[in-house]
Amino acid sequence: MRQPESLLLYSMKKIITTAFILCTLYFHVAAQLTFVRVDTVQVTDQSVPFKNAWAGGLNFPMFFEIDLNGDSIMDLVAYENGGPPGHNRLMPFINNGAPGQPDYHYAPQYISHFPDVNGFMVTYDYNHDGKMDLFTLSIGGSAPNSGIMVYRNDYTPGTGLQFTMVMNPILTKYSLITTNVFASEISVPAFCDVDNDGDMDIISWPDFPNGSVEYQKGLAVDSGWSFDSLRFQNVTQCWGGFALEIGTSNNRVSSFGNVCRMMEPDSTIHWDKGAAVNDDTQSDILVFDNDGDGLKDALIGGFADNNALYIHNGGTVLKDSMNFQDTIFPRYNVPVNLPSFPSFFYLDADNDGAKDLIVTPHSISNFRGILFYKNTGTTSHPVFALQPHTLLQEDMIDVGAGAAPQLFDYDADGLPDLLIGNESYHDTSGVDHKGITLYRNVGTPSKPKFQLITRDYAGIDALNGVDGTICPTFGDLDGDGDLDMIVGNNNGQLLYFENTAGAGNPANFIAPTANYQGIDVGQYSAPQLYDLNHDGLLDLIVGDSFGFIKYYENTGTKNVPVFTLTKDTLGGIIAHDSGLTSGYASPFFYNDNDTDKLILGTEVGKIYIYDNINGNILGNYHLADSLINGEEGQRLIPFIGDINHDGRPDMLIGNYNGGLSLYMNTDTVPLTVGLNNPQATMHPSFDVFPNPASDQLHITFNHLQNMHATFEMINDIGQLIYKTDITEPTMTIPLRGFSNGIYLVRFVSDNTTQSQKIIVRRK
């Protein structure tokens, strides 16, 4: 079944200046800051750059062709079913490829052009107007969740891509009974011209699984109606006369030549006793002509199977009759082998004019789980050859199932590196792995560039008793000047990794302490270290799978923390939608000009912002805004940080697809200019020197005008490490104990916030 399992979270403290208001592709915050979804930050696997690094990952997509931008070139849409209507993920890609070269670019601006898609998505030009229409599982109507909705593609150059719902559900006639054509999210029908008469027919699964498929014949041509009539009649309830074995686990046909009800004239059954076992009563089916004889053959993937079952049609134009099977298709090349329920999609992926075969799993496999079989023949006589590269998946950040992003300077070179915790991925032998993927920042402070280093940072994969959903958070827990790591996982407990490197040195995490301080939130622990009560000690906030947030106050010391459960429903928040019992709360507290706020990721793909926290830590928080509503996938895990050291906050979002999206602050108004007074020369300002600094940092303040102001220093992972009131026009800060790296220094007053970057380079 196309449903996500468990996921991750992470969170961490970072200063930002305002609250968010999200649009589909960008959002504005106060002080004229604008966040835009970008893909310009380069990410590489060693030296090979990802084409769609920040597209967001893929787990078990369905692929379909459609012209998104009206250039008469078929683009691509990936659809993943992982939630209720309106919360499934749809990913459009513009086709930029030359003949023979797949080259797709993620284009999320087209998401809003599509209607809510439910359960499955298929495109097919049923009315012959040259535009691919859309079919999906019924929502409401007379057949909710068991029928087929039809959306007509009404693209025009003036309006762009748009859809109109024209039928819900599709009906078919069984003798004297008219009812809906059955469909479900695990019994997806095939839309094709079975009898080659020009109109659309449907091969569908019965509502009660019996190993056979049904043929719903389109009546438009035979009746002289227009192609958009969408009228059907059931011709047979066992198309092709075959049946799949029920109750076993190998993908095969149990019998050919079956008697079919309704209009089939056969009166004898010829059982193929040599056919092997299989349970394919819940399956995906691709109907296509594999040998150019004008008859439709079939590829089937069974619910519990990993192979592709090919069934050959040896009938006639007037009567389909399946007569042999191949259980290891394509046996002449590399046979399909995917964990759980392969699905098949027949489309021209590389622009050479011949339709290729794309095979995807129904369950999470790995970051290279999509098989691309290039058609080296023709569409009418295909010859499939498995390619060494996948379609789209290996061109993006993808850590398998789930992604919990974190910026952390692991090598102490002053540049924030990218760490991503995951739930799991399977290697080529089917072995499950979990851990933290590390992308090192090999760019510059203003132009980051990330290179894949390892998929098992800190050796988590080898640890016993750690069950996926790796959620890291960092903070100095022993007072030695370096950042230690706490990791949550599916068992609800925490692991503590002490960093013994010392200030200014590359991180060195020793063997972890399991079941850290006996903390156990039940299932799925998503921790964040943050000084919530502002007593100078890092507290611990943990989200759980039920959508609750737990607050563990640090009642110990800076060198020996003691985390004591103080509130088990922090903020009065239950992070799950109505009707759901799980929420997978992913909390991230941050400080906005001395005001604490909470950004929260949830299971159904929403991100919320809460305020009314200061002075009300144990009370109910106020929901200030809803930022994202499913556009980035499910089980979102937000991170706020300055990725390009421009003094402005950026946002990373991890999702259950195993990928990331990046929203960067592209505001052109300098933060050093006051917000209320257009005369920049009269605004209060400050200067810092030397830069880089080694022993001391000198600050000069200008135009204070007797205002109350503070000076702050924030390290490269967003922690406020120094703060003082400004009482004199100059001040000096000793840098003894500061780690080498890049710091954000801020001047904060009632009407302005100014930021600069400095480098501390101790001798």
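The values are calculated or read from the model by the stated rules, or taken from the named source; none is laboratory data. Quick caveat, the model's predicted, so the values are computed rather than measured. Heads up, the Cβs are rebuilt from the backbone with ideal geometry, glycines too, and the neighbour counts pull from every protein chain shown. SASA here: full protein model, heavy atoms, side chains in, ligands and nucleic acids out. Shrake-Rupley method; radii C 1.70, N 1.55, O 1.52, S 1.80 Å.
Scanning segment 107-117 for residues that are in contact with an Asp or Glu (Cβ under 9 Å, 6 or more places away or on another chain) and open to solvent by 10 Å² or more (accessible area, probe 1.4 Å) yields Pro108, Tyr110, Ile111, Ser112. Residue-level analysis places Asp228 outside the set of residues that are at pLDDT below 95, open to solvent by 40 Å² or more (accessible area, probe 1.4 Å), under 27 Å from Thr316 (Cα atoms) and among the acidic types (Asp, Glu).
Ala458 falls short on exactly one of the conditions (1) of a type in the set (Gly, Ala, Ser); (2) in contact with a strand residue (DSSP E or B) (Cβ under 7 Å, 6 or more places away or on another chain); (3) open to solvent by 50 Å² or more (accessible area, probe 1.4 Å), and that condition is (3).
Which is open to solvent by 50 Å² or more (accessible area, probe 1.4 Å), assigned to a loop (DSSP other than H, G, I, E, B) and over 30 Å from Pro49 (Cα atoms), of Gln517, Gln523?
Working: Gln517 fails: assigned to a loop (DSSP other than H, G, I, E, B).
Exactly one of Gln517, Gln523 is open to solvent by 50 Å² or more (accessible area, probe 1.4 Å), assigned to a loop (DSSP other than H, G, I, E, B) and over 30 Å from Pro49 (Cα atoms), namely Gln523.
Within segment 423-448, residues that are closer than 26 Å to Asn306 by Cβ and touching a residue at least 24 places away in the same chain (Cβ under 8 Å) sit with their Cβ atoms under 7 Å from residues that are open to solvent by less than 20 Å² (accessible area, probe 1.4 Å) and among the acidic types (Asp, Glu), at 6+ positions apart or across chains, in these pairs: Lys434/Glu423. Selection within segment 119-133: residues that are closer than 14 Å to Tyr79 by Cβ and without any contact (Cβ under 8 Å) to a residue 60 or more places away in the chain. The member of this set that is surrounded by the fewest Cβ atoms within 10 Å (Cβ to Cβ) is Thr123.
Criterion applied to Leu452, Leu477, Leu494, Leu392 was being open to solvent by less than 50 Å² (accessible area, probe 1.4 Å), among the hydrophobic types (A, V, I, L, M, F, W, C) and at pLDDT below 95, and the one residue passing it is Leu392.
Report the residue count in segment 553-567 for those that are in a loop (DSSP other than H, G, I, E, B), of a type outside the set (S, T, N, Q), modelled with pLDDT of 95 or more and open to solvent by 60 Å² or more (accessible area, probe 1.4 Å). Don't jump to the end; show me each part of the working.
Filtering segment 553-567 for residues in a loop (DSSP other than H, G, I, E, B) gives 555-562.
The next check asks that each one be of a type outside the set (S, T, N, Q); those that pass are 556, 558, 560-562.
Among the residues that remain, those that are also modelled with pLDDT of 95 or more are: 556, 560-562.
Among the residues that remain, those that are also open to solvent by 60 Å² or more (accessible area, probe 1.4 Å) are: 560, 562.
The number of residues fulfilling the criteria is 2.
Here Pro4 fulfils each of the conditions (1) part of a loop (DSSP other than H, G, I, E, B); (2) over 18 Å from the mean Cα position of the chain (by Cα); (3) at pLDDT below 50 apart from (2).
Using beta carbons and a limit of 7 Å, which pairs, at least six apart or on different chains, have the first residue in segment 612-640 and surrounded by 20 or more Cβ atoms within 10 Å (Cβ to Cβ) and the second one assigned to a loop (DSSP other than H, G, I, E, B) and of a type in the set (Asp, Glu)? Taking only residues 6 or more apart or on different chains, the pairs are Gln634/Glu603; Arg635/Glu603.
When segment 725-745 is limited to residues that are within 41 Å of the chain's Cα centre (by Cα) and more than 25 Å from Met651 (Cα to Cα), the one that is surrounded by the fewest Cβ atoms within 10 Å (Cβ to Cβ) turns out to be Gly737.
In the set Tyr530, Tyr496, Tyr524, only one residue is of a type in the set (Phe, Trp, Tyr), in contact with a Ser or Thr (Cβ under 6 Å, 6 or more places away or on another chain) and touching a residue at least 40 places away in the same chain (Cβ under 8 Å); that residue is Tyr524. The lone criterion from (1) modelled with pLDDT of 80 or more; (2) open to solvent by less than 40 Å² (accessible area, probe 1.4 Å); (3) within 37 Å of the chain's Cα centre (by Cα); (4) under 21 Å from Ser446 (Cβ atoms) left unmet by Val748 is number (4). Considering each of Phe546, Phe509 in turn, give the residue that is at pLDDT 95 or above and open to solvent by 10 Å² or more (accessible area, probe 1.4 Å). The unique qualifying residue is Phe509.
Of all positions in segment 335-352, at least one carries a residue that is part of a loop (DSSP other than H, G, I, E, B), open to solvent by 40 Å² or more (accessible area, probe 1.4 Å) and under 30 Å from Ile94 (Cβ atoms).
Within segment 570-592, identify whether any single residue is of a type in the set (Gly, Ala, Ser) and open to solvent by 60 Å² or more (accessible area, probe 1.4 Å), and answer yes or no.
Going through segment 570-592, the residues of a type in the set (Gly, Ala, Ser) turn out to be 571-572, 575, 578-579, 582-583, 585-586.
Of the ones still in play, those that are also open to solvent by 60 Å² or more (accessible area, probe 1.4 Å) are 578-579.
Yes - at least one qualifying residue is present in segment 570-592.
Of Val150, Val117, Val166, Val122, all but one fail to be in contact with a Leu (Cβ under 9 Å, 6 or more places away or on another chain) and in a loop (DSSP other than H, G, I, E, B); the exception is Val117.
Take the residues of segment 585-601 that are touching a strand residue (DSSP E or B) at 6+ places or on another chain (Cβ under 7 Å) and part of a loop (DSSP other than H, G, I, E, B): which is farthest from Asn490 (Cα to Cα)? Once the filter is applied, the top-ranked residue is Asn593.
Annotation: Leu623 fulfils all but one of (1) closer than 22 Å to Leu652 by Cβ; (2) not in a loop (DSSP other than H, G, I, E, B); the unmet one is (1). The requirement of being buried (at least 20 other Cβ atoms within 10 Å of the Cβ), in a loop (DSSP other than H, G, I, E, B) and modelled with pLDDT of 80 or more is fulfilled somewhere in segment 63-85, by at least one residue. Looking only at residues in segment 141-172 that are of a type in the set (Ser, Thr, Tyr) and without any contact (Cβ under 8 Å) to a residue 12 or more places away in the chain, the one that is most open to solvent (accessible area, probe 1.4 Å) is Thr159. Being within 20 Å of Asp642 (Cα to Cα) and part of a loop (DSSP other than H, G, I, E, B): is that true of Thr444 here? Spelling it out, Thr444 is indeed within 20 Å of Asp642 (Cα to Cα) and part of a loop (DSSP other than H, G, I, E, B). Suppose the filter is at pLDDT 85 or above and surrounded by fewer than 18 Cβ atoms within 10 Å (Cβ to Cβ); does Pro690 pass it? Yes; evaluated as a whole, the condition is true for this residue. Of the residues making up segment 410-425, those that are in contact with a strand residue (DSSP E or B) (Cβ under 6 Å, 6 or more places away or on another chain) and open to solvent by 10 Å² or more (accessible area, probe 1.4 Å) number 5. Starting from residues that are modelled with pLDDT of 85 or more and in contact with a Phe, Trp or Tyr (Cβ under 6 Å, 6 or more places away or on another chain), keep the ones in segment 716-745 and report whichever is farthest from Asp687 (Cα to Cα). The extreme case among them is Thr724.
With respect to Ser175, is the statement that it is out of contact with any Ser or Thr (no Cβ under 7 Å at 6 or more places or on another chain), of a type outside the set (Lys, Arg) and open to solvent by 10 Å² or more (accessible area, probe 1.4 Å) true?
Values: out of contact with any Ser or Thr (no Cβ under 7 Å at 6 or more places or on another chain): yes; of a type outside the set (Lys, Arg): yes; open to solvent by 10 Å² or more (accessible area, probe 1.4 Å): yes.
In short, yes.
The lone criterion from (1) touching a residue at least 60 places away in the same chain (Cβ under 8 Å); (2) charged (D, E, K, R); (3) outside any loop (DSSP other than H, G, I, E, B) left unmet by Lys723 is number (1).
Got a sec? Which of Asp320, Asp266, Asp326, Asp356 is modelled with pLDDT of 95 or more and either among the acidic types (Asp, Glu) or crowded, with 18+ Cβ neighbours inside 10 Å (or both)?
Details: Asp320 fails: modelled with pLDDT of 95 or more; Asp266 fails: modelled with pLDDT of 95 or more; Asp326 fails: modelled with pLDDT of 95 or more.
When all the criteria are applied, what remains is Asp356.
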